[in-house]
1. Over the protein assembly as shown, give the accessible area per residue in Å² for a 1.4 Å probe, as an integer.
2. Please list B:213-220, B:194-201 highest first by mean number of surrounding beta-carbon atoms within 10 Å per residue.
3. Over both sides of the B-A contact, add up the buried accessible area with a 1.4 Å probe and give it to the nearest 100 Å².
4. Check B:Gly187: other-chain or 5+ apart residues with amide H under 5 Å from its amide H, H built from backbone geometry?
5. I'd like the Karplus ³J(HN,Hα) series for the stretch B:60-74: coefficients 6.51, -1.76, 1.60, θ = phi - 60°, whole numbers in Hz, and an x wherever there's a Gly or Pro.
6. Considering the options A:Val7, A:Ile41, A:Val51, tell which one lies farthest towards the positive end of the dipole of the stretch A:1-59, charges being +1 on Lys and Arg and -1 on Asp and Glu at the Cβ, about the Cα centre.
7. Given a 1.4 angstrom probe, I'd like the percentage of the accessible area of the stretch B:73-218 that is carbon and sulfur, rounded to a whole number.
8. Using amide H atoms built in the peptide plane, which far-off residues or other-chain residues are under 5 Å from A:Gly76 H to H?
Amino acid sequence: MRLHYDVSGGEFLRAGEASSSLKKVLKQLGVSSDVIRKIAIAMYEAEINMVIHANGGVVDVDIDSEAVRIKLEDTGPGIPDIALAMTEGYSTASDEVRDLGFGAGMGLPNMKKNADFLNVMSEVGKGTTVEIKVNL
Amino acid sequence: MGDFVHSVELDKEKCIGCTDCIKRCPTEAIRVRNGKAVISGEKCIDCGLCIKVCRQRAKKATTQNMSIIRRYPYKVALPAPSLYAQFKNLSNVNVILTALKRLGFDDVCEVASGAQMVTEATKKYISENTGARPLVSSACPAVVRLIVMRFPSLIENILPIIAPVEASAAAVREYVMSLGVPRDDIGIFFISPCAAKCSYAINPIGSERSDIDGVISMQDIFMSMRNGINGLTDVEKLAQSGVTGVDWAAAGGESSGLAIENAIAVDGVENVIQVLEEVENGQLQDVDYIEGLACTGGCIGGPLTVTNSFVARNRLRRVQREMRGMSPEERRPLPLSFKHVDFFMRKKIEPAPAPKLDEDMTAAIGKLEKINRIYAELPCIDCGSCGSPTCRAFAEDIVRGQANIEDCIFMLRNRVRYLAEEMLDLSAKLPQTFSQSAPFVAQPAVRQAKR
């Protein structure tokens, strides 16, 4: 089954709505709580990144009996050095964003830790696509 | 937890099948079927909100009648600290406890004392264990039930320490037995603001058997206590707890007693759900402790209280002020000892998620897609007339075989209109049978002739 979410940028209060909604669906499907937690964390971090850095974007989720595949696409500034961005604690978030409690530099590392497959494709000035797969 | 006994029951005579409770239930556990509310045991967390919102007073907690205490030769009352906030112009704890004792109890022991000891045990646990964070308080049974049902991955975050009332009950039982009273002769009764505690006296959290023999609603004894307070003589020295124990009655009291700066106190089921969502998303790993309480304002907002929780909060502060000025001579001469109480839960808390759509994942996905398709057809105004709280829940009820699409008055109206149009359409195509100007009317005379 396919799900689609539009994530609007800059709305920190509403950030995380897509991941909450996906979590509800997975609970309804009876996915085990450990797997849901992994998906929730990975997707939440990716969604927040889209809000903080890329002024929002779109999320497409594909669920079958084997895995949950999440694709997050944005047309933001892109990530110049993905390897560096993967480093724990590395963050380019503004002070404003940090004051809100985001931007601790754990986003991508947390995604990597919780996903069974993570692919980050990015082009500076064009945008970023993040693919997350978690096996059921 | 199939045999889980719930705390809320319905008076079918009084229920008029309105939408008050179905719309307000935080876990969407109630439906109106055949004109009466039906509570789903698999979804109910015993918060008691439906008791509060029902205008017909058709929902009640499964508390025991006062007469239950007569079954036991030695009767002990364990009043929750929220009891102290129920009386106007009364802030002397000894007066309140004496009035309670005079209702027929042999002893009265404060749950607040147990709370103080639980605070100590919790402090020790937090300093010695660096495991899952944030820890979530186990004191509110409705919140614990919410976690086992909706957030099973957070069971490991639940503080494995028993609730204050259980600690007090264990201490009291041991004390009374030390006086030479046989175990089975002792009846221990919780004077409760809380509906959920009724279930937990039967299905305790983290242990096989509760030391509580019955739960008595604060509302049920309020009037007789108030009458007893007028003209009360020979006030006994029964107060044992300090202000920190009494603080547990209101939201934020438990965590302030723990003196943890990095703690969240959240009250009201909806708010607790929001915070637990954040914990599940890994957003609150920097927080040490979460005190979650299902009732607004904490236990003083419980469904079995008499006084509005905001008024009660002020009264509680007044009681605490007076407590601070109490001399040692006014306190219980032989304080209850908690030396032998085991504060740790002995039984693992098991998850109890709501039933899946289907055991088979592919079939479950198919059903969810069907729910989405039905939902897209519905008016999405969540009116509740179908008996389900929202159009979304209604779509799921249809797929689960528990409702029919015609239960929706809008869908029914569409269907009736469609059928009427079809009939009209059809009537235009009918060949003429009798004279068009005189419609056929059966004549009684003809029928008589046939007979």
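The values are calculated or read from the model by the stated rules, or taken from the named source; none is laboratory data. What you see is a predicted model; the values in this text were computed from it and never measured. Note: ideal-geometry Cβ built from the backbone for every residue, glycine included; neighbour counts use all protein chains shown. The protein model used for the area step is the full one, side chains on, heavy atoms only, and it has no ligands, DNA or RNA in it. Shrake-Rupley method; radii C 1.70, N 1.55, O 1.52, S 1.80 Å.
1. On the way: 28590 Å² over 587 residues.
Result: 49 Å² of accessible area for each residue.
2. Details: B:213-220: 22.0, B:194-201: 28.0.
So the peptides B:213-220, B:194-201, ranked by packing, come out B:194-201, B:213-220.
3. On the way: alone 22890 and 7630 Å², together 28590 Å².
Chain pair B/A: roughly 1900 Å² of buried accessible area.
4. Counting only residues 5 or more places away or on other chains, the set is B:Tyr74, B:Lys75, B:Val76.
5. 9, 7, 7, 7, 8, 6, 3, 4, 4, 5, 5, 5, 10, x, 10
6. Farthest towards the positive end: A:Ile41.
7. Answer for the stretch B:73-218 is 49 percent, counting heavy atoms of protein chains only.
8. Amide H neighbours of A:Gly76, under 5 Å, 5+ apart: A:Thr128.
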